[in-house]
């Protein structure tokens, strides 16, 4: 079980964990996370994913040239007659 901030520090100093070893442990966890992320980024850079012809297409549902482009629904009226603008959406 993880030590709580207000629990007695497990190092035996008698202080609360947040006043004793919390900052040191958090720094170690952050460094470990950063190292894992750097390794993951290096691996991704070394092995780029293969491009799929379908996915690399310039047309899609959000592209104007697809033919199904719709403007934002900022003026849509709901069943009770209120508009989205009145609600700040």
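Here, each number is a calculation from the coordinates, and none is a lab measurement. A quick note: this is a predicted structure, and the numbers were derived from the prediction, not measured.
Just a few scattered comments:
- Note: relative contact order over the range 1-45, using C-alpha pairs below 8 Å and six or more positions apart, is 22 percent.
- The slack in the chain from residue 39 to residue 22, taken as 0.36 nm per residue of separation less the alpha-carbon distance, amounts to 3.5 nm.
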